[in-house]
Amino acid sequence: MNDFVPRPRPAYDPHWVIKRDLGNIIEKLRAKEPTDENRESLAIYEEILQRFST
């Protein structure tokens with residue numbers, strides 16, 4: 001017997017999820033050793049986050 005009762009999923013804002021994920025990526029890049037590649041990636045992700053925040 002299956003006791004699983006499907007429940008409606010709560011509504012979420014997809015933009016919030018993207019902002020959260022970009023923030024996590026930026027945080028991890030800042031924690032790494034600052035190399036040219038990391039600085040360039042960090043600048044790109046910060047620019048994307050800024051575009052989503054406006």
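The values are calculated or read from the model by the stated rules, or taken from the named source; none is laboratory data. These figures come from a predicted structure and were not determined experimentally. Quick reminder, even Gly has a Cβ in these numbers, built from the backbone with ideal geometry, and neighbours come from all protein chains shown. Note: areas computed on protein heavy atoms with side chains; ligands, DNA, RNA excluded. Shrake-Rupley method; radii C 1.70, N 1.55, O 1.52, S 1.80 Å.
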Worksheet item: On the accessible surface of the chain, probed at 1.4 Å, how many percent belong to carbon and sulfur atoms?
Response: 54 percent
Worksheet entry | Cα→Cβ-extended label distance, 7 Å offset, between Ser53 and Asn2, nm | 4.5 nm
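What's the whole-number percent of alpha carbon pairs in the chain lying beyond 14 angstrom? List each step's numbers first, then the result.
Numbers: 912 of 1431 pairs.
Of all Cα-Cα distances in the chain, 64 percent exceed 14 Å.
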Item to complete: Please give the contour-minus-distance gain from Arg39 to Tyr12: 0.36 nm per residue of separation, less the Cα-Cα distance, rounded to one decimal in nm.
Response: 6.5 nm
Discussion item. How much accessible area per residue does the chain have, counting only protein heavy atoms and a probe of 1.4 Å, in square angstrom?
Written reply: 96 Å²
Worksheet item: Angle between the Cα long axis of helix 14-31 and the longest principal axis of the chain, 0 to 90 degrees, nearest 10?
Response: 40 degrees
Response to the item:
Treating only Lys and Arg (+1) and Asp and Glu (-1) as charged, each at its beta carbon, one finds that the range 1-45 has a dipole about its Cα centre, in Debye to the nearest 20, of 220 debye
Discussion item. On C-alpha positions alone, give me the angle between the axis of helix 36-53 and the longest principal axis of the chain, in degrees, nearest 10.
Written reply: 50 degrees
